[in-house]
Amino acid sequence: MSLLAAEFRGKADFLLVGCTENHTSDDIPFGKNNGFPGADGENNGRWNIPQPKTLQERIDSVASFYSDFSDYLVSTGEPKLDIPWVVDGMGNEVGDTYRAYPFRNYVVKDGVVVFQGGHGPMAQVTDHIKACLETETSP
C-alpha cells in the first residue's frame with residue numbers, strides 16, 4: 001500500500017482507519033503467528049494485547065501498530081509506511097458500515113465507492129486496487 005500511495009501521490013488520497021483489533025489476547029489470539037518476524041525469525045508478539053476498552057487505548061494501540069509495522073517494512077527494504085491514519089470510534093461505526101473486518105481496501109471517488117476489495121488479508125490484491133486507481137485518476 002505504501003508503494004501505491006507513493007505512486008498515486010497528488011492523484012489520490014490514502015487513509016488508514018484503525019477499527020476493532022482482530023486478534024487479541026482476550027478474544028481470538030494469533031498464537032505462534034503473532035506479530036512481525038524479527039531477525040531471528042521469531043514473531044515479536046505484536047498482537048498479544050487485550051482489546052482496547054477506551055478511545056485512548058485504541059489510539060495508542062493503532063499508533064503503536066503503525067510505528068511497529070513501518071519499522072518492519074523498512075527492515076525488509078520496503079518504503080516506510082507514509083499514509084495518514086485515524087481511528088474508528090468505540091462504537092465501530094466505520095468498521096461496521098464498510099464491513100472492514102478483518103480489513104478491507106476501498107477506492108472512493110466523489111463520495112461514491114468505486115472499488116471494494118475482499119476481506120483481508122488473503123483477498124488483498126494490490127494489482128486490482130492499482131488498476132482501479134489508474135482508471136479513476138486518468139484524465
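No lab work stands behind these numbers, since they all come straight from the coordinates. Remember, it's a predicted structure, so these values are computed and weren't measured experimentally. Cβ placement follows ideal geometry from the backbone for every residue including glycine, while neighbour counts extend to all protein chains displayed.
Please give me the summed charge of the neighbours of Leu55: other residues whose Cβ is under 13 Å from its Cβ, Lys and Arg +1, Asp and Glu -1. List each step's numbers first, then the result.
Values: positive: Lys53, Arg58; negative: Glu57, Asp60, Asp88, Glu93.
Here the count lands on -2.
Given axes a ≥ b ≥ c from the Cα gyration tensor, I'd like to know whether region 58-139 is rounded (a/c under 1.5), prolate (a/b larger than b/c) or oblate. Please list the in-between numbers first.
Details: a/c = 1.86, a/b = 1.17, b/c = 1.59.
In terms of gyration-tensor shape, oblate.
Hey, if you put +1 on the Cβ of every Lys and Arg and -1 on every Asp and Glu Cβ in region 59-139, which of Ser64, Ile129, Ser75 ends up farthest toward the positive end of that dipole?
Of the options given, the answer is Ile129.
Ala100: net charge of surrounding residues, Cβ under 15 Å, Lys/Arg +1, Asp/Glu -1, itself excluded? Kindly include the intermediate steps, with their values, before the conclusion.
Numbers: positive: Arg58, Arg99, Arg104; negative: Glu21, Asp88, Glu93, Asp96.
Summing Lys/Arg as +1 and Asp/Glu as -1 gives -1.
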